[in-house]
Amino acid sequence: MSQPQRILSGIQPSGRLHLGNYFGAIREHVRLQEQGESYYFIADYHALTSLRDAKALRAHILDTAVTYLACGLDPARAVLFRQSDVPEVTELTWLLLSVSPMAMLENAVSYKDKVARGIPAEAGLFTYPVLMAADILAQDTDVVPVGRDQVQHVEIARDLAAKFNRDYGAEVFRVPDYRLGEAPYVPGTDGAKMSKSYGNTIEIFSEGKELEKAVMGIKTDSATPADKKDPEASTIYRLYALVASPAERDAMADRFRAGGLGYGEAKKALLGKVNEVFADVRARARALRADPSRVEETLRRGAERARANARAVLHRARTACGLS
Ligand code: ADP
Ligand code: TRP
């Protein structure tokens, strides 16, 4: 019998999660738990590159775990863990850094983007993709489901796995591949990629007036309700298509094309759907937040499994390098 695929992905606990994280990552992760051995983790070491507030980091870690569980991650099927509970990845990072070409890291677009946005150019941020490669390689991962923005990082992990194996003449690392989900690019309220760092998010756990403000604030052009409009050019429609049923989605697309649907009305329909789709998730999240020790126990058990894998991989890597 062939081995089941090993699937792994991570999310940084750097803020409250939004529809881009849900449709681009979490929903895909939850679906994939049926298809292979799945490992998902909270990338708290990575978050240190952008967050300098211990209290906020602790809160975001719990929030990310709650979000995964509320969105349907089943701890009996998938392993959920906290990156910093597997310190072996930091040692593996050093072994990988030692074979990392400078030019490969200098070409990483995410580093350049972040620095251009004002994040200090620190060595942790620069070497971020190598820590990410260690996360992936430490679990003998076959497939990494990610959004488009992370593809280059998975390619770096591939390159480093192959280079390390070549440099040491040993089959130490399994070479991973990325996989894009159905919604690799969710637009934010300003039409650009939805991202915590752009302040254009609609958060999964936003409700009431706060949610209404975000949805009603989606930027639109100056077309009047009577104008015929291209649905695909509208952020409102593109978000609605994610939360509505196929029939509801097609009905809105037809009304955009025919003219007669104003942006205000479309936004209200979107708001209603967001509330409907996330009602159960929000209720489950409330129950989980009321019982943080249960969440902590899930993370602890996940860490044991992830750590056992990481230890075995690190042992292979150390042996290949000549470390005892
Ligand atoms: P952010 O850009 O808000 O900081 P992260 O970089 O923490 O989000 O992303 C966590 C996961 O969610 C990644 O797998 C990423 O690809 C996915 N993701 C984030 N924003 C989007 C988006 N707008 N569309 C699709 N996927 C996204
Ligand atoms: N860099 C990823 C992000 O910002 C998070 C991450 C860290 C990750 N390590 C990973 C994703 C390993 C997939 C695999 O979204």
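Every residue, every condition in (1) exposed (fewer than 13 other Cβ atoms within 10 Å of the Cβ); (2) of a type in the set (Val, Ile, Thr), yes or no:
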{"position": "Thr224", "(1), (2)": "yes, yes"}
{"position": "Asp227", "(1), (2)": "no, no"}
{"position": "Asp230", "(1), (2)": "yes, no"}
{"position": "Ala233", "(1), (2)": "yes, no"}
{"position": "Tyr237", "(1), (2)": "no, no"}
{"position": "Leu242", "(1), (2)": "no, no"}
{"position": "Ala253", "(1), (2)": "no, no"}
{"position": "Lys268", "(1), (2)": "no, no"}
{"position": "Ala283", "(1), (2)": "yes, no"}
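Would you confirm whether any residue within segment 166-185 is more than 10 Å from ligand 1 (Cβ to nearest atom), assigned to a helix (DSSP H, G or I) and surrounded by 15 or more Cβ atoms within 10 Å (Cβ to Cβ)? Yes, that holds for at least one residue.
Looking only at residues of segment 123-156 that are charged (D, E, K, R) and away from ligand 1 (no atom under 13 Å from the Cβ), we find that the one that is surrounded by the fewest Cβ atoms within 10 Å (Cβ to Cβ) is Glu155.
Quick one: is Ala192 closer than 30 Å to Leu271 by Cβ and surrounded by fewer than 19 Cβ atoms within 10 Å (Cβ to Cβ)? So Ala192 passes the test.
Note on segment 282-295: residues that are more than 20 Å from Ser38 (Cβ to Cβ) and in contact (Cβ under 8 Å) with a residue 12 or more places away in the chain amount to 4. Would you mention how many residues in segment 196-222 are part of a loop (DSSP other than H, G, I, E, B), surrounded by fewer than 20 Cβ atoms within 10 Å (Cβ to Cβ) and without any contact (Cβ under 8 Å) to a residue 40 or more places away in the chain? Qualifying residue count, segment 196-222: 5.
All of the numbers you see were taken from the coordinates with simple rules; none came from a lab. Quick caveat, the model's predicted, so the values are computed rather than measured. Heads up, the Cβs are rebuilt from the backbone with ideal geometry, glycines too, and the neighbour counts pull from every protein chain shown.
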